[in-house]
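FYI, it's all coordinate maths here, none of it is from the lab. What you are looking at is a predicted structure, and each value in this text was computed from that prediction instead of being measured. Note: ideal-geometry Cβ built from the backbone for every residue, glycine included; neighbour counts use all protein chains shown.
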Amino acid sequence: MELKRIDLNADVGESFGAWRIGEDEELIPLVTSANVACGFHAGDPLVIESTVRFAVRAGVAVGAHPGYPDLQGFGRRAMDLPATELEAVVLYQVAALAGIARAAGTGLRHVKAHGALYNQAARDPSIARPIARAIRRVSADLVFVGLAGSAMVAVARDEGLRVAEEAFADRGYRHDGSLVPRDQPGALLPGPNETAEQAVSIARDHRVRTVDGGWLDVHADTICLHGDTAGAPDRARAVRAALAAAGMEVRAL
């Protein structure tokens, strides 16, 4: 029987100046792909470079994590940008990460939008398309990471990109496949045990329980853990242990 495989990714590199966000040095070695903030919603040049170099030393695939230009709101506030501007905003961030990765002796593997940009693109093809086009302009070999079953993955495929469909181990789902908004009950799973249980349900059983008690079919190539969540390394360890027990191989895209 063929061993089932899944990628485990985390959003990292989100500290900025004197502000420390996340436990990246503990978390990164526990995942297989690192989505590194590009400086617009979080991160700064020193943080970005040190995060990339740490991921390389840990043998973790490096990806770009572009967001809206919204440091104050951590990229979680929706913005209304013209398509040409949005494409340039994403192009700038992805190209910068690609250059830093090259300087660190590695290549950029994938791109995953952050926060409000990700959530809007999942619903709206007119937002997803500039993102996909910007990624393709940097390299058609980059993998577009997007919400499983959403409009953004369809657009990325239409633009000729390879796609990795993503699900979330630590976030609550609504019946339509969208994530529970962060300001609503059930947005974040309580702790490591619940996160690990949901990861196995996604990876092995291809389904996830929704906040209303139903089940949603989910076919994912990669599972995300948020690096800014308190106790993220403990969640990651629980997820790795549970996936191993379920007979899953965790491997980068």
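Of all beta bridges that DSSP places with both ends in the range 4-250, some 15 percent have antiparallel geometry.
Comparing Cα centroids, the range 1-66 and the range 75-104 end up 16 angstrom apart. Using only alpha carbons, the chain has a radius of gyration to Kirkwood radius ratio (Rg to Rh) of 0.93. Per-residue Karplus couplings for the range 214-224, computed as 6.51 cos²θ - 1.76 cosθ + 1.60 with θ equal to phi - 60°, are listed in order as x, 10, 10, 6, 9, 10, 10, 9, 8, 10, 9 Hz, Gly and Pro entered as x. Taking a ≥ b ≥ c as the square roots of the eigenvalues of the Cα gyration tensor, the range 101-185 is prolate, since a/c reaches 1.5 or more and a/b is larger than b/c. Annotation: extensible slack from D176 through D141 equals 9.5 nm (criterion: 0.36 nm per residue apart, minus Cα-Cα distance). By the gyration tensor of its Cα atoms, with a ≥ b ≥ c the square roots of the eigenvalues, what is the shape of the range 1-80: rounded for a/c under 1.5, prolate for a/b over b/c, or oblate? It is oblate, given that a/c is not under 1.5 and a/b is not larger than b/c. How much length, in nm to one decimal, is gained on full extension between L46 and A88, taken as 0.36 nm per residue of separation minus their Cα-Cα distance? Working it through step by step, the gained length comes to 12.8 nm. Would you mind ranking M248, M152, M79 by Cβ crowding within 10 Å, fewest neighbours first? The order, fewest Cβ neighbours first, is M79, M248, M152. Reducing the range 106-137 and the range 143-208 to their Cα centroids gives an inter-centroid distance of 15 Å. If R0 is 25 Å, the Cβ-Cβ spacing of A154 and Q184 corresponds to a FRET efficiency of close to 0.40. DSSP bridge analysis restricted to the range 4-117 gives an antiparallel fraction near 10%, rounded to the nearest 5. Given their separation in residues at 0.36 nm each and the Cα-Cα distance between them, H219 and V56 gain 55.8 nm when the chain is fully extended.
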